[in-house]
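Heads up, the thing below is written out as structure tokens.
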Amino acid sequence: MTQDFLTRTQKRKLTTLLREARLEEAKSVGERLLRANRTDAEALTLLGTVYRRLWRLTDAESCCRQALRLKPRRAETQLELGATLHCQGRMPEAMEHYQAAIQRQPGLLEAHYLLGNALREAGLLEEAEHCYRAVLHGDPAHVAALCNLGGTLVGLHQLEEAIGLLNEAHRLQHDAVPVLCQVARVLITLGRSGEAEARCREALRADVNAVAAMATLADLLEQSSRLEEASELVERGLKLAPADLDLRISAARLTRRRGDDRQAITICEAALRE
């Protein structure tokens, strides 16, 4: 009884350390748990999560496969193995394990979410949409699912609903600068440039170094012939992120607008080489 209590305490500690991203400490606790009992499937899965987040993917996969040999129907282990394979780019295998996790535990929202991500990366947007909607059915405030469903619907040309989802994600997470940038890009596609500009400026108020917002706003300014402000933004952004492709394209556009076609070509060629 005492040993079981100590084990549960250590697992709770490991979970807390994972949540706080204290990965080296979490690894020490997980390895200690495993030395005490090498047939503990839950401990193996937790340690697999630690190894994955430390990018020790071979070790993470080994832990998960060992855990599945002990408990083949454990949904959390199927999910973790799927995530580890996903990180390795082994997408079909990852999807199989996400689906196995959902089959064993249909309410495991993270499995639906990660399967949606894998499907979206594979270009299967309608299937990804179904997964994200399943997540939001269980948790309407899942910000990442709102964002990714919004992005997926952009790809499916359902732009008005995409805007609504992204705005809801921003409402739930006010400092989500990437969400504001994504909203701005969809608004541009819809021809609502004024609203898009407002979103970019809101993003820059939240983070003065938001390079994505600088690039999007610079394009809007260039299109409305506010070239001086656009150039200042691009120059500032390139000091922060010299290799940013969007900013370099903006720089080329602005250079061309100033009549220096040769320099604009040089900027584009340099970006292509890199």
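The values are calculated or read from the model by the stated rules, or taken from the named source; none is laboratory data. These figures come from a predicted structure and were not determined experimentally. Quick reminder, even Gly has a Cβ in these numbers, built from the backbone with ideal geometry, and neighbours come from all protein chains shown. The protein model used for the area step is the full one, side chains on, heavy atoms only, and it has no ligands, DNA or RNA in it. Shrake-Rupley method; radii C 1.70, N 1.55, O 1.52, S 1.80 Å.
Rank THR255, ALA122, ALA210 by how far each Cα sits towards the positive end of the charge dipole of the chain (+1 on Lys, Arg Cβ; -1 on Asp, Glu Cβ) and give me just the farthest.
Going by the charge dipole, the pick is ALA122.
Based on the Kirkwood radius over alpha-carbon pairs, what value in µm²/s does the Stokes-Einstein equation return for the translational diffusion coefficient of the range 201-274 at 10 °C and 1.306 mPa s?
Estimated via Stokes-Einstein, D reaches 130 µm²/s.
Please state, to two decimals, what the Cα-based radius of gyration of the range 45-193 comes to when divided by 2.2 N^0.38 Å (N = residues).
Working: Rg = 16.7 Å, N = 149, 2.2 N^0.38 = 14.7 Å.
Taking N as the residue count of the range 45-193, the ratio is 1.13.
Under a Cβ-only charge scheme (Lys and Arg +1, Asp and Glu -1), can you give me the dipole magnitude of the range 136-229 about the Cα centre, in debye to the nearest 20?
Dipole magnitude for the range 136-229 comes out near 40 debye.
For LEU172 paired with ARG133, estimate the spin-label separation in nm (one decimal), with each label point 7 Å from Cα along the Cα-to-Cβ line.
1.7
Can you list, bin by bin at 5 Å, the percent of alpha carbon pairs in the range 92-158, starting at 0?
Going from the shortest bin to the longest, the percentages are 4, 21, 31, 24, 14, 5, 0.
Per residue, how large is the accessible surface of the range 155-274? Use a 1.4 angstrom probe and give square angstrom.
56
Between GLN99 and GLN263, how many nm apart are label points set 7 Å from Cα along the C-beta direction?
Result: 5.5 nm between the two label points.
Taking the Cα centre of the chain as the origin, how large is its charge dipole in debye, to the nearest 20, when only Lys and Arg (+1) and Asp and Glu (-1) carry charge on their Cβ atoms?
Values: 38 positive and 39 negative charges, 220 e Å.
The calculation lands at about 1060 debye.
Given a Förster radius of 22 Å and the C-beta distance between SER224 and LEU159 as r, what FRET efficiency does 1/(1 + (r/R0)^6) yield to the nearest 0.05? Numbers along the way, then the final one.
Details: r = 21 Å, r/R0 = 0.97.
According to the calculation, E is roughly 0.55.
Could you pull the Rg and Dmax for the range 1-85, using just the Cα atoms, both in Å?
11.8, 37
So if each residue of separation counts as 0.36 nm, and I subtract the Cα-Cα distance between ALA243 and CYS87, what length gain in nm does that give?
Length difference between fully extended and current span is 53.7 nm.
For the chain, give the percent of accessible area contributed by carbon and sulfur heavy atoms, probe 1.4 Å, rounded to a whole number.
Summing carbon and sulfur atoms, their accessible area is 51 percent of the total for the chain.
At 1.4 Å probe size, with no ligands or nucleic acids counted, give the accessible surface of HIS130 in Å², nearest ten.
Result for HIS130: roughly 130 Å² accessible.
With each label point set 7 Å from Cα along the Cα-Cβ vector, what nm distance links THR39 and ALA144?
According to this spin-label approximation, the distance is 3.4 nm.
Treating the beta-carbon of each Lys and Arg as +1 and of each Asp and Glu as -1, no other charges, what is the dipole magnitude of the range 171-225 about its Cα centre, to the nearest 20 debye?
I would put it at about 160 debye.
Please give the length that would be gained between GLU20 and ARG236 if that part of the chain were fully extended, namely 0.36 nm times their separation in residues minus their C-alpha to C-alpha distance (nm, one decimal).
Stretched fully, the GLU20-ARG236 segment lengthens by 74.4 nm.
Taking the solvent-accessible surface of protein heavy atoms with a 1.4 Å probe, what is the per residue accessible area of the range 1-146 in Å²?
Working: 7710 Å² over 146 residues.
On a per-residue basis, 53 Å².
Would you mind calculating the gained length between THR189 and VAL208 on full extension (0.36 nm times residue separation, minus the Cα-Cα distance), in nm to one decimal?
Numbers: separation 19, 0.36 × 19 = 6.84 nm, distance 2.45 nm.
Computed gain between THR189 and VAL208 is 4.4 nm.
Projecting each Cα onto the charge dipole of the chain (Lys/Arg +1, Asp/Glu -1 at the beta carbon, about the Cα centre), which of VAL50, VAL179, ALA141 comes out farthest on the positive side?
In the chain, that residue is VAL50.
How far is the Cα center of the range 129-186 from the Cα center of the range 55-127, in Å?
Distance between centres, Cα-based: 23 Å.
After finding the eigenvalues of the alpha carbon gyration tensor for the range 49-98, what semi-axes result from the square roots of 5 times each, listed largest first in whole Å?
Three semi-axes, in Å: 15, 13, 8.
Given the convex hull of the Cα atoms of the chain, what is a quarter of its surface area in nm²?
17.1
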